[in-house]
Amino acid sequence: MGMTMTQKILAAHAGKASVAAGELIEAKLDLVLGNDVTTPVAITEFENAGFTRVFDRDKIAIVLDHFTPCKDINAAKLSKQARDFAKKHRITHFYDVGTMGIEHALLPEKGLIAAGECCIGADSHTCTYGALGAFSTGIGSTDMCAGMASGRAWFKVPSAIRFQLTGELNPWVSGKDVILHIIGQIGVDGALYKSMEFTGPGVASLSMDDRFTIANMAIEAGAKNGIFPVDEKTEAYMTGRVSREWTAYEADPDAEYEQTIEIDLSKLEPTVSLPHLPSNTRTVKEVAGMEIQQCVIGSCTNGRISDLRIAAKVIAGKKIAEGVRCIVIPATQDVYMQALKEGLVETFITAGAVVSTPTCGPCLGGHMGVLYEGERAISTTNRNFVGRMGHVKSEVVLASPAVAAASAVKGTICAPDDL
């Protein structure tokens with residue numbers, strides 16, 4: 001029996017001719033990632049275990065993005081622990097205030113991930129890098145510790161679900177709508193410990209940012225990873241960013257999938273996820289008129305320059321609705337600079353929005369937009385669990401940048417065409 005894309009990457013990194021779903025393997029790692037929340041735990045375990053050196057200082061990335069610039073004394077303590085460790089071990093890819101960005105936007109931007117590579121990260125949305133045809137998955141801090149010390153990790157080879165994409169997206173419909181539609185269809189455990197493998201002619205019509213968004217939220221369906229084939233758009237994205245050799249793996253014609261789900265992109269509509277699960281999806285027209293008090297445009301899911309361009313296009317010449325706080329968060333410093341050059345920041349501020357430094361911030365109820373009891377936000381983030389953005393009696397509605405921006409202007413959930 002043939003192998004899927006994910007299985008081929010894992011086999012190569014395990015030094016095996018082939019692997020099968022359910023098999024336990026030990027694989028070499030091309031990158032180990034941590035942030036200001038998870039890295040300090042890994043550092044403590046690293047030191048308690050008696051490790052004195054990392055396996056490769058060039059293959060570890062530490063990004064201070066969740067609570068930075070530090071919001072309180074405890075956040076400052078965690079960041080200092082990460083800084084001290086990075087300095088001691090001369091970690092090449094250490095990103096602090098002034099250079100950091102939201103990790104899952106920053107690492108691809110910096111060329112730290114390439115097609116065919118194997119990456120683990122102590123953050124669940126590490127699955128983002130499957131957009132580049134890499135195997136990447138989230139792990140815990142203890143696994144990060146082991147990865148930093150050994151450069152290896154244990155995996156159970158996942159089985160796969162194939163998503164056969166056809167057609168092209170309509171205006172104002174994006175990768176966010178695609179993945180929300182899919183999660184609404186299969187549920188938050190519909191791909192539990194499986195690989196979500198996206199194939200078909202529709203893939204070619206998706207931008208790289210669409211693919212990053214879709215792969216990013218594979219974990220919200222319970223998946224081990226999400227992955228896209230390597231095509232001309234992938235190669236173009238890596239050109240100028242990745243200087244090392246990379247490998248494009250293709251699934252075998254007889255690769256085994258647990259099921260195949262067909263998605264006609266042309267039939268999708270602007271979609272949102274209502275509280276308190278990403279699977280609680282509705283089309284925008286089904287929930288139009290729902291009031292909001294806050295709008296967040298950003299995160300590792302939708303804080304890239306294309307997302308800000310879409311939001312600015314919707315908001316340009318208009319004003320944020322009275323009683324709505326609109327927070328725009330560029331995902332990286334480069335995105336911020338580009339948004340400044342293109343006048344997007346001026347558009348947002350003129351409309352009455354606030355523009356933040358790159359940070360995860362409100363996505364996890366950290367800072368820069370925490371909700372109080374009874375408040376509802378529409379957000380381009382990836383999770384809307386109980387208390388995710390603040391008070392346990394607040395609510396988060398997940399949406400695309402286009403829908404979030406339109407809703408901020410109207411004060412209620414709506415599509416751009418309804419303004």
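The values are calculated or read from the model by the stated rules, or taken from the named source; none is laboratory data. Small disclaimer: the values here were computed from a predicted structure and weren't measured. Neighbour counts run over all protein chains shown; Cβ positions are idealised from the backbone, glycine included. Heavy atoms of the whole protein, side chains included, go into the accessibility calculation; ligands, DNA and RNA do not. Shrake-Rupley method; radii C 1.70, N 1.55, O 1.52, S 1.80 Å.
Return a yes/no flag: does segment 391-401 have any residue that is touching a strand residue (DSSP E or B) at 6+ places or on another chain (Cβ under 9 Å), surrounded by fewer than 22 Cβ atoms within 10 Å (Cβ to Cβ), more than 26 Å from ASP96 (Cβ to Cβ) and among the hydroxyl-bearing types (Ser, Thr, Tyr).
For segment 391-401, residues touching a strand residue (DSSP E or B) at 6+ places or on another chain (Cβ under 9 Å), surrounded by fewer than 22 Cβ atoms within 10 Å (Cβ to Cβ), more than 26 Å from ASP96 (Cβ to Cβ) and among the hydroxyl-bearing types (Ser, Thr, Tyr): absent.
Could you please tell me which pairs satisfy a Cβ distance under 7 Å, a separation of 6+ or placement on different chains, a first residue in segment 213-225 that is free of Cβ contacts under 8 Å to residues at least 60 places away in the same chain, and a second residue that is open to solvent by less than 10 Å² (accessible area, probe 1.4 Å)?
From residues that are free of Cβ contacts under 8 Å to residues at least 60 places away in the same chain, the pairs are ALA221/ILE182; ALA221/ILE183; ALA221/ALA191; ALA221/MET196; GLY222/ALA191.
If you go through segment 67-95, how many residues are at pLDDT below 95 and in contact with a helix residue (DSSP H, G or I) (Cβ under 7 Å, 6 or more places away or on another chain)?
Of the residues in that region, 3 qualify.
Inside segment 170-208, can you point out the residues that are surrounded by fewer than 20 Cβ atoms within 10 Å (Cβ to Cβ) and among the acidic types (Asp, Glu)?
ASP189, the sole residue that qualifies.
When only residues in segment 366-396 that are more than 22 Å from ASP123 (Cα to Cα) and among the aliphatic types (A, V, I, L, M) count, which is nearest to the chain's Cα centre (by Cα)?
Once the filter is applied, the top-ranked residue is ILE378.
Do you know which residues across segment 319-360 are among the aromatic types (Phe, Trp, Tyr) and within 25 Å of THR128 (Cα to Cα)?
Within segment 319-360, TYR336 is the sole residue that qualifies.
Among the residues of segment 240-250, are any β-branched (Val, Ile, Thr) and open to solvent by less than 40 Å² (accessible area, probe 1.4 Å)?
Yes, that holds for at least one residue.
Checking the condition open to solvent by less than 30 Å² (accessible area, probe 1.4 Å), more than 29 Å from LYS156 (Cα to Cα) and under 20 Å from the mean Cα position of the chain (by Cα), which residue from LEU33, LEU64 passes?
LEU64
Restricting segment 121-180 to residues that are out of contact with any Gly (no Cβ under 8 Å at 6 or more places or on another chain) and acidic (Asp, Glu), which is nearest to PHE85 (Cα to Cα)?
ASP143
Quick check on segment 209-227: of everything there that is open to solvent by 20 Å² or more (accessible area, probe 1.4 Å) and part of a helix (DSSP H, G or I), which residue is nearest to THR239 (Cα to Cα)?
If we take residues in segment 209-227 being open to solvent by 20 Å² or more (accessible area, probe 1.4 Å) and part of a helix (DSSP H, G or I), then ASP209 is nearest to THR239 (Cα to Cα).
Within segment 339-365, take every residue that is of a type outside the set (Gly, Ala, Ser), buried (at least 17 other Cβ atoms within 10 Å of the Cβ) and within 27 Å of ASP123 (Cα to Cα) and give me the one that is farthest from the chain's Cα centre (by Cα).
For segment 339-365, the residue satisfying everything is VAL355.
Pairs needed: first member in segment 330-345, closer than 18 Å to THR301 by Cα; second member anywhere, aromatic (Phe, Trp, Tyr); C-beta distance under 8 Å; at least 6 residues apart or different chains.
PRO330/TYR336
Can you tell me which of (1) of a type outside the set (Val, Ile, Thr); (2) open to solvent by 40 Å² or more (accessible area, probe 1.4 Å); (3) not in a loop (DSSP other than H, G, I, E, B) is the one PHE385 doesn't meet?
Unmet for PHE385, out of (1) of a type outside the set (Val, Ile, Thr); (2) open to solvent by 40 Å² or more (accessible area, probe 1.4 Å); (3) not in a loop (DSSP other than H, G, I, E, B): (3).
So, VAL230, is that one over 29 Å from ASP30 (Cα atoms), out of contact with any Lys or Arg (no Cβ under 8 Å at 6 or more places or on another chain), at pLDDT 95 or above and surrounded by 20 or more Cβ atoms within 10 Å (Cβ to Cβ) or not?
Answer is no for this residue.
What tally of residues in segment 249-275 results from selecting those that are farther than 17 Å from PRO158 by Cα, of a type outside the set (D, E, K, R) and part of a loop (DSSP other than H, G, I, E, B)?
Number satisfying all stated conditions: 5.
Output yes when any residue across segment 309-328 is among the acidic types (Asp, Glu), open to solvent by 30 Å² or more (accessible area, probe 1.4 Å) and in contact with a strand residue (DSSP E or B) (Cβ under 9 Å, 6 or more places away or on another chain), and no when none is.
Within segment 309-328, none of the residues are among the acidic types (Asp, Glu), open to solvent by 30 Å² or more (accessible area, probe 1.4 Å) and in contact with a strand residue (DSSP E or B) (Cβ under 9 Å, 6 or more places away or on another chain).
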